[in-house]
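Chemist: The structure is given below, and queries will be raised subsequently.
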């Protein structure tokens, strides 16, 4: 993968969905920490919906909790953030440029429902503020239309010497 930005920019405005292959071009996360399977309803700079198929064989279920597996709330927030990172990567044409994204703050986090194996988590993220490096989002995770978690968070994009 080249260390510099591509010579020509790509127009991602027609991209309404991101499959797993495109997600992996947008964010550096890999198994076991890649927590989204698909991103849909993408509106660059504005919003997107991540999809997480929750399965029993995920590593955190071995200890959280062995007889009553529940997806940890921090993992739900991380899945929200990964959805946001895909949105940012497409919005700023950072695909294949290996952007790193760091939390700067998490506010108003609330957990309303248990998320268990077999659930399909829908992660709706909306941009509240954006600049080239710092973004703020509002996010809501639902299962079958029922709110499981919600939060606001800020993140910083870091290209290091990659762009």
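Per-residue answers, yes or no, for (1) in contact (Cβ under 8 Å) with a residue 40 or more places away in the chain; (2) assigned to a strand (DSSP E or B); (3) in contact with a helix residue (DSSP H, G or I) (Cβ under 7 Å, 6 or more places away or on another chain):
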position	(1), (2), (3)
90	yes, no, yes
106	yes, yes, yes
125	yes, yes, yes
138	no, yes, no
142	no, yes, no
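Chemist: Checking the conditions here, which among 70, 42 is at negative phi, touching a residue at least 24 places away in the same chain (Cβ under 8 Å) and over 14 Å from the mean Cα position of the chain (by Cα)?
Modeler: 70
Chemist: Please work out which one of (1) touching a strand residue (DSSP E or B) at 6+ places or on another chain (Cβ under 6 Å); (2) over 13 Å from residue 124 (Cβ atoms); (3) in contact (Cβ under 8 Å) with a residue 40 or more places away in the chain; (4) surrounded by fewer than 18 Cβ atoms within 10 Å (Cβ to Cβ) is the condition residue 56 fails and give its number.
Modeler: Here residue 56 clears every test but (1).
Chemist: Take residue 96 and tell me if it is in contact with a helix residue (DSSP H, G or I) (Cβ under 7 Å, 6 or more places away or on another chain) and farther than 23 Å from residue 124 by Cβ.
Modeler: yes
Chemist: Taking into account only those residues within the stretch 148-163 that are at pLDDT 95 or above and surrounded by 15 or more Cβ atoms within 10 Å (Cβ to Cβ), which is farthest from the chain's Cα centre (by Cα)?
Modeler: It comes out as 148.
Chemist: Right, another one. Go through the stretch 111-146 and count every residue that is within 21 Å of residue 93 (Cβ to Cβ) and surrounded by fewer than 19 Cβ atoms within 10 Å (Cβ to Cβ).
Modeler: 8
The values are calculated or read from the model by the stated rules, or taken from the named source; none is laboratory data. As the structure is a prediction and not an experimental result, all values here were calculated from the model. When we count neighbours, we look across all protein chains shown, and the Cβ atoms used for this are built from the backbone with ideal geometry, even at glycine.
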